[in-house]
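Undergrad: Please see the structure below; I have some questions.
Any read-out appearing in this document is the output of simple, stated calculations on the displayed coordinates, not a laboratory observation. Please read all numbers here as calculations on a predicted model, not as lab measurements. A quick note on method: Cβ atoms are made from the backbone with ideal geometry, for glycine too, and the neighbour counts reach across all protein chains shown.
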Amino acid sequence: MLTIVNAIYQDNYKIALKFNDEKNGIVDLEEFIFNTKFKPFKELKSIEKFKSFRLDYTLKWGEDLDLAPEYLYFKTFENDKELQIKFKEWGYK
């Protein structure tokens, strides 16, 4: 099971992530937050709210708002050619 083992806020809507497969990268969630149709995520437009995430196998905001670790992995490494088959299997490409 894919999980996030470390997460450090960087700036704006960027978070440095380390996954349990030892891959590290920076995810930029600005486009997702500002273009999402999922109303609960719109509250993350507030940088203070965005920065208030906690780590519990993935990123969570409060008790009810989180993103799948697979989605965060995809967004972090979406341009990695070696991972394209995995992303297709997950339904992200």
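Undergrad: So which residues in segment 37-93 are aliphatic (A, V, I, L, M), surrounded by 11 or more Cβ atoms within 10 Å (Cβ to Cβ) and in a helix (DSSP H, G or I), if there are any at all?
TA: LEU44, ILE47, LEU72, LEU83 - these are the residues of segment 37-93 that are aliphatic (A, V, I, L, M), surrounded by 11 or more Cβ atoms within 10 Å (Cβ to Cβ) and in a helix (DSSP H, G or I).
Undergrad: Related question: Taking TYR71 and the conditions (1) touching a strand residue (DSSP E or B) at 6+ places or on another chain (Cβ under 9 Å); (2) within 17 Å of MET1 (Cβ to Cβ), which numbered condition does it fall short on, given that it satisfies the others?
TA: (1)
Undergrad: Related question: Give the residue that is farthest from PHE19 (Cα to Cα), with candidates limited to residues of segment 57-93 that are without any contact (Cβ under 8 Å) to a residue 60 or more places away in the chain and among the hydroxyl-bearing types (Ser, Thr, Tyr).
TA: Of everything passing the filter in segment 57-93, TYR92 is farthest from PHE19 (Cα to Cα).
Undergrad: Could we say that ILE33 is among the hydrophobic types (A, V, I, L, M, F, W, C), assigned to a helix (DSSP H, G or I) and surrounded by fewer than 15 Cβ atoms within 10 Å (Cβ to Cβ) here?
TA: No.
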